[in-house]
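This report concerns only the one structure given below.
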Amino acid sequence: MTVRAPAGFAALITAAGRGTRAGGDQPKQWQVLAGQPVLDRTLAAFRGFQQVVLVVSPDDMDQAMARYAGLAAIVTGGQTRADSVRAGLAALEGQASHVLIHDGARPLVGDNVIQGVIDALLSGAEAAAPALPVSDALWQGHQGSVTGTTDRSGLFRAQTPQGFLLSRIAKAHRTYPGDAADDVELARKAGVEVVITPGSEDNLKITFPADFARAERILGGTMDIRLGNGYDVHAFGPGDHVWLCGIKVPHDAGLVGHSDADVGMHALTDAIYGALAQGDIGRHFPPSDPQWNGADSAIFLAHAAELARSHGFRFGNADVTLICEAPKIGPHAARMQDRLAQIMGLDADRISVKATTSERLGFTGRREGIAAIATATLIKD
C-alpha cells in the first residue's frame, strides 16, 4: 500500500550531503542498494504525495534532473542540512499547508511510519516526528574505556520524516538560521510542541558501509507479492479465424468483440490489473471509445505490463487457460507462449498457455464461444 497524502501535504527530501562515512566512489544516496539507487527507493516511498521537493547538491543537479525531473521539483541545496531544508521550504511556501521532511538516506521508511506522522498532523499537532525509545544501556566513554552511565529513561532515537505545519517550520528556520541536528530541534527552539509518533527499526539511516548490507537484509524480508486473476468470454460469430494469445488460429468462425476479441490476452491483462488493484481493461480502454474498435489486444497487455513495472513490480509468472471444444490449442500453445512473452518483455519460461474443454457442458461445450482464465504473479523486492 502506498500512503496517499491529503491535499496540501508535501514531502521534502534532503539529499545534498556527501555522506563520506558510507564509503564508495559517490555519495551514499546515489549508491546502489539491492539493484536500485538509494534515492530511487526513498522517492518511491513518497509517490503518493502530489508535491515532492528533492534537494540535491549543485554537483548532482544534472543526474538528478535526468533521473527525477518528472517525479519531484528539484532544488539546489546549501552547505549544511539546515541550508538545504531552507531552500526546499522556500520552494514550497504558498504551495502547501504541511510538509514532511525526510532524509534521502532513509530508503526503507514504511507506509505506517509516514501515515503516523500525517495522522498526528491531521489531529491538530503543529509538528510530529517518529522515534524509537532507547532500550540499550547508555555509557559514557573516553579513550576506549567506560567512564560513566546515562539514564535512558525518556530517551528516544529520532527518525524522519518529521512533519510540520509549513508556516511554523519555515518561520523557525528563518528565526534560527544556524545549523541544527534536525528540524525538531529548530521547531522546539521556536516553541513548537512536537508529538512523538511510532518509528520503525527498519527505517534506518544509511551512514556507514555496513548499513548497506543491513538494508539489503531488510529488503529481503519485506518482499511484496501480488496475485491477480482474470476471466473473459467471447462468443463465436462470422469469420474464418480467431485471435488467441496473440496468434491467428484458423477456425470455421470468428470471435465477436469490440477489439480483436482475443479472449486469452484479455483475461491475462485483467489479471495484471487485478494484482495492481487497477480495475480492468474497461477502465483503461473504455469500449465506448471508438479508437479501440478492432484494436490489437497486444496494446492492452503491453500497457498492463508496463504499469506493473512503473509501480516497481517484476513478473513471477503468468498462466493462461483457454476453455473451448475447438479450435485445438495444443498445436499453437508454444507460439502463444512466445508471443505473450514478447509483448510483456519476459522470458517465455515464465508464461504458461494451456487448454481444456468443459466436457460439452455449457456455452463452451455447445461451441458457442471461448472462455479464458488467467493468473499473474507480481513481485516487488
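The values are calculated or read from the model by the stated rules, or taken from the named source; none is laboratory data. Here the structure is a predicted model, which means the values were calculated and not measured. With ideal geometry, Cβ positions are generated from the backbone for all residues, glycine too; neighbour counts draw on all protein chains shown.
Structural remarks
- Within region 254-273, tally of residues that are at pLDDT 95 or above and either of a type in the set (Gly, Ala, Ser) or part of a helix (DSSP H, G or I) (or both): 13
- All positions within region 9-25 that are surrounded by fewer than 14 Cβ atoms within 10 Å (Cβ to Cβ) and either closer than 12 Å to Phe46 by Cα or of a type in the set (Gly, Ala, Ser) (or both): Gly23, Gly24
- Pairs where the first residue, in region 197-211, is under 18 Å from Asn112 (Cβ atoms) and assigned to a loop (DSSP other than H, G, I, E, B) and the second is at pLDDT 95 or above and among the charged types (D, E, K, R), C-beta under 9 Å, 6+ apart: Gly199/Arg157; Asn203/Arg106; Leu204/Arg106; Lys205/Asp103; Lys205/Arg106
Quick grid of which residues meet (1) assigned to a loop (DSSP other than H, G, I, E, B); (2) hydrophobic (A, V, I, L, M, F, W, C):
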site: Leu12; (1), (2): no, yes
site: Arg21; (1), (2): no, no
site: Gly24; (1), (2): yes, no
site: Asp40; (1), (2): no, no
site: Gly48; (1), (2): yes, no
site: Gln63; (1), (2): no, no
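- Test: residue in region 32-53 that is touching a helix residue (DSSP H, G or I) at 6+ places or on another chain (Cβ under 7 Å) and either among the basic types (Lys, Arg) or free of Cβ contacts under 8 Å to residues at least 40 places away in the same chain (or both): yes
- Any hit, region 131-142, residues being under 20 Å from Ala15 (Cβ atoms), assigned by TED's automatic domain parsing to the domain that holds Gln26 and crowded, with 17+ Cβ neighbours inside 10 Å: no
- Residue in region 235-244 that is in contact with a helix residue (DSSP H, G or I) (Cβ under 7 Å, 6 or more places away or on another chain), farther than 30 Å from Arg41 by Cβ and in a helix (DSSP H, G or I) present: no
To keep it simple, each residue is scored yes or no on (1) of a type in the set (D, E, K, R); (2) assigned to a loop (DSSP other than H, G, I, E, B).
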position	(1), (2)
Ala308	no, no
Gly316	no, no
Ala326	no, yes
Arg360	yes, yes
Ala371	no, no
Thr377	no, no
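- Restricting attention to region 274-306, the residues that are within 21 Å of Ile247 (Cβ to Cβ), part of a helix (DSSP H, G or I) and not β-branched (Val, Ile, Thr) total 8.
- Per this entry, Ala69 is counted among residues that are under 20 Å from the mean Cα position of the chain (by Cα), modelled with pLDDT under 95 and over 20 Å from Gly110 (Cβ atoms).
- Subset of region 70-118 (residues that are under 22 Å from Leu33 (Cβ atoms) and surrounded by fewer than 19 Cβ atoms within 10 Å (Cβ to Cβ)): Gly70, Leu71, Gly110, Asp111, Asn112
- Criterion applied to Leu301, Leu276, Leu322, Leu307 was being modelled with pLDDT of 95 or more and touching a strand residue (DSSP E or B) at 6+ places or on another chain (Cβ under 6 Å), and the one residue passing it is Leu322.
- Filter pass, Val263 being touching a residue at least 40 places away in the same chain (Cβ under 8 Å), out of contact with any Asp or Glu (no Cβ under 6 Å at 6 or more places or on another chain) and of a type in the set (A, V, I, L, M): no
- Within region 219-248, considering residues that are modelled with pLDDT of 95 or more and acidic (Asp, Glu), the one surrounded by the most Cβ atoms within 10 Å (Cβ to Cβ): Asp232
- Residues in region 119-161 that are among the polar types (S, T, N, Q), at negative phi, in a loop (DSSP other than H, G, I, E, B) and out of contact with any strand residue (DSSP E or B) (no Cβ under 6 Å at 6 or more places or on another chain): Ser123, Ser135, Ser153.
- Scanning region 121-144 for residues that are out of contact with any Ser or Thr (no Cβ under 8 Å at 6 or more places or on another chain) and hydrophobic (A, V, I, L, M, F, W, C), we see that the one that is nearest to Leu186 (Cα to Cα) is Ala127.
- Pick from region 145-179, criterion closer than 20 Å to Ala105 by Cβ and in contact with a Ser or Thr (Cβ under 9 Å, 6 or more places away or on another chain), ranking: surrounded by the fewest Cβ atoms within 10 Å (Cβ to Cβ): Asp179
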